[in-house]
Amino acid sequence: MTPGRRADARTPSPAEAAAHRLLELLATDAPAPELAAQPARARAGGASPHDVERIEETTELALTVRRVLDQHRRRETELAALFDTAGDLAGLRDLDAVLRAIVRRARTLLGSDVAYLTLHDPAAHDTFMRVTDGSVSAAFQQLRLGMGEGLGGLVAQTARPYASTDYRTDRRYRHTGTIDDGVAEEGLRGILGVPLRLGQEIIGVLFAADRTPREFTPDAIALLGSLADHAAVAIDSARRLEETRTALARLEAANATARAHGEALHQASDAHDRLSRLVLRGAGTDEVAAEIAALLGGGVALHDTDGTELARVGTAPVPPSVVGPDAAHGEGRAVHAHGVWTCAVLAGAEPLGSIVLTGRTDLPEADRRLFERAALVTAMLLLIRRSVAEAEDRVRGELLDDLLADPAGSAHRDGGSLALRARRLGVDLTRPHTIAVLDGETAQRPRLAAETARVARGLGGLAGTRHGHGVLLVPADRPGDLARALATDLTRIIGTPVTVGAAGPTTGPDHLAALHAEALRCLSALHALDRTGDGADIADLGFIGVLLGDRADVGAYVRRVLGPVLAYDAERGTELVRTLHAYYDHGASLSRAKDALHVHVNTVVQRLDRVAQLLGPDWNTPASALEIHLALRLHRLTPG
């Protein structure tokens, strides 16, 4: 055998055999205790001290290799976990889900009992507990940490990681009662906190904690810091995505609103055009009201300024109290009150009336705009009607001026021509007509003139202005009743006293000037008698009317004052009138009256009691006594 072969066949030394065995154990990833047991086995096998020493050195090197391999494997596992975490976080879109995933992964990677995350509150200048995993304490889950308070507050303030083996006894941190109570209730001892950093901004703190004291290694701190870096990016991405979603949702809502608004404007414009075409082709209030009712699907009523109904479609009459000026606030806006929608019809700031919509409890914005546009078109219709009416009123006023002109001062006055002009305007002077002269406060005279013209149109007469007073010529045969009704109605509408003097009736144009003069005297008498705001004719003024009237009807005056007494004497043959003559002729003395009549005083008393029953209990008041005494004298002078 050659020397080389003898060398190859040589039996390995114990140190060599142990080294070979250690390599085999490393190759099979045997646990560290098995590696560490090799020197003891060599001693037990009788190895020399020199070989045992070499085996111990080799074992130490093998254990070092084993620790390096474990560290690399752990780092590889941690990196794989971080990559998995980054991928998981990148796939999340909801901020709450991102935060929960971060805390759960931190607890898993560090093998801690609890993990939690706080976020910075810029408004309160502190951090608040946002998400926890493994926590059981409600107080702990609601903690807020001021800047510099506790371990987490210090991390948020300094932007550096901090760890405590046992926070309860660690005096490096500023303890507060609230934080210590929450930590004690959760039972935490070892705590690690790392900042959630986004550029230069600290947005929160990520924690891992155990319920027993724990020494956090640099590797653990670095691992949690790496996870925090990924988490900060994921939080920022989720926030930005959430902000983008919110902005998109708002944009979509704004687009939907804009589309709805545009559609509403288009519908309102189309409806406005339809209504405007109706007005421009001469449609009346009934047609316009019907079109508005069809567009809005309800009943419609139009009223003028004093609540008079102009048109009504699909609804019962609306009470005047509902359509008053307060219902629409005078602003041209639709207002819901008393179960109906009301909108003022305005020409600028001038009220022309109101439009009422019934049958619609709810009115969306589009329909409300349409309703308000309908009020604008109605205003245009009423303005056109008013312009036509004003033109007609001017023609009627000119005719009235000609009718009231003094016949003696008009050389070319032609009664037949005037009657013809009147018939063309729908005024038949062959019927009995009454003239009323109206007076109101100076500031209200334009309004009074407009209302007088409206009354004239309604009654088929003429209206105008002469000498600062309104004048009304209408078919009526009871001038006193007309004057009182006009004074009452116009005072209510205008809101200030309106005084009306009337005269008539008469037929034909020849006596109208004199009738106007008489009505004017009656008006003056009403003011002189302190009856402003009242209405009357000459007959209503008693003996003053007899004095003022140039066509005084004495017999009518006597009958009005003494009529019941005259009739009683005529029917029963009594002497009540003769008794009244004796009573007044002798200074209202019962004793002298009975002497003149040659009767007992009781007879005089009984006759006067009968007079009181016929003429009223106030027949002997000074004012009534004056009227009765005058009527008795006129009766004595009247033939028949």
For Ser48 and Arg578 in the same chain, what is the full-extension length gain: residue separation times 0.36 nm, less their Cα-Cα distance, in nm? 172.9 nm
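What does the highest-first list of 97-105, 617-625 look like by mean Cβ count within 10 Å?
The densest-packed peptide leads the list: 97-105, 617-625.
Taking 30 Å as R0, compute the FRET efficiency from the Cβ-Cβ separation of Arg592 and Asp530 and round it to 0.05.
On the way: r = 36 Å, r/R0 = 1.19.
Between Arg592 and Asp530 the formula returns 0.25.
Counting other beta carbons within 10 Å of each residue's own, what order do Glu441, Glu365 fall into, fewest first? All intermediate terms of the calculation are to be shown ahead of the outcome.
Details: Glu441 14, Glu365 10.
Exposure proxy ranking, most exposed first: Glu365, Glu441.
Can you put Tyr583, Tyr173 in order, fewest other beta carbons within 10 Å first? Please list the in-between numbers first.
Working: Tyr583 26, Tyr173 18.
Listing Tyr583, Tyr173 from fewest to most nearby Cβ atoms yields Tyr173, Tyr583.
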Spacing of the two label points (7 Å from each Cα toward its C-beta) at Arg104 and Arg67, in nm: 3.7
Would you mind getting me the FRET efficiency between Thr244 and Asp270? Use the beta-carbon distance for r and R0 = 35 Å, nearest 0.05. 0.40
Dipole size in debye (nearest 20) for the stretch 414-541 around its Cα centre, Lys and Arg Cβ +1, Asp and Glu Cβ -1? 460
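Counting every Cα pair in the stretch 414-541, what percent are over 25 Å apart?
Values: 1425 of 8128 pairs.
The answer is 18 percent, as a whole percent.
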Output the relative contact order of the chain, whole-number percent, from Cα pairs under 8 angstrom with separation of 6+ residues. 6
Residues of the stretch 174-194 with backbone N under 19 Å of the label point set 7 Å from the Cα of Thr217 along Cα→Cβ are 190-194
If all Cα-Cα distances of the chain are sorted into 20 Å bins from 0 onward, what percent lands in each bin, rounded to whole numbers? 13, 20, 16, 14, 11, 12, 7, 4, 2, 0, 0
Report, by chain and number, residues whose modeled amide H sits under 5 Å from the one on Asp113, excluding near sequence neighbours (fewer than 5 apart, same chain). Ala209, Asp210, Arg211
Applied in sequence order to the stretch 490-500, the curve 6.51 cos²θ - 1.76 cosθ + 1.60 (Karplus, θ = phi - 60°) yields integer Hz couplings, x standing for Gly and Pro, of 6, 4, 5, 5, 7, x, 10, x, 10, 9, 10
Full-extension gain in nm, Glu441 to Arg424, via 0.36 nm per residue minus C-alpha separation: 2.7 nm
What's the extension gain from Leu459 to Glu309 if we count 0.36 nm per residue and subtract their Cα-Cα distance? 52.4 nm
The stretch 95-244 - convex hull of the alpha-carbon atoms, volume per residue in Å³: 100
Between Leu614, Ser589, Ala570, whose Cα lies farthest towards the positive end of the dipole of the stretch 555-637 when Lys and Arg beta carbons carry +1 and Asp and Glu beta carbons carry -1, centred on the Cα centre? Ala570
Whose amide H sits under 5 Å from the amide H of Leu310, counting only residues 5 or more places off or on another chain, with H placed in the peptide plane? Leu302, His303, Asp304
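Which peptide among 368-374, 181-187 comes first, and what is the full order, when sorted by highest mean count of other Cβ atoms within 10 Å? Spell out each step's value before the answer.
On the way: 368-374: 22.3, 181-187: 17.9.
In decreasing order of mean packing, 368-374, 181-187 become 368-374, 181-187.
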Using Cβ counts within 10 Å as a stand-in for footprinting exposure, how do Phe128, Phe140 rank, fewest first? Phe128, Phe140
How far is it, in nm, from the label point at Ala366 to the one at Leu383 when both lie 7 Å from their Cα along the line to the Cβ? 2.8
Can you list residues from other chains, or at least 5 along the same chain, whose modelled amide H is less than 5 Å from the amide H of Thr465? Val471
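When DSSP assigns beta bridges and you keep just the ones with both residues in the chain, what percent turn out antiparallel, to the nearest 5?
Working: 64 of 67 bridges.
The antiparallel fraction comes to roughly 95 percent.
Could you order peptides 442-455, 241-254 by the average number of other Cβ atoms within 10 Å of their residues, highest first? Please report the intermediate quantities before stating the final value.
On the way: 442-455: 17.9, 241-254: 10.9.
Listed from highest to lowest mean packing, they are 442-455, 241-254.
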Backbone HN-Hα couplings from phi across the stretch 384-401 [Karplus 6.51/-1.76/1.60, Hz, Gly and Pro as x]: 4, 4, 5, 4, 5, 5, 5, 5, 5, 4, 5, 5, 5, x, 5, 4, 4, 4
Tell me, what ³J(HN,Hα) does each residue in the stretch 220-228 have, in order and in whole Hz, if you take phi through Karplus 6.51 cos²θ - 1.76 cosθ + 1.60 with θ = phi - 60° and put x for Gly and Pro? 5, 5, 5, 5, 5, x, 4, 4, 5
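Just so you know, all these numbers are worked out from the coordinates, no wet-lab data involved. These numbers come from a predicted model, not from an experiment. Please note: Cβ atoms are built from the backbone with ideal geometry, for glycine as well, and neighbour counts cover all protein chains shown.
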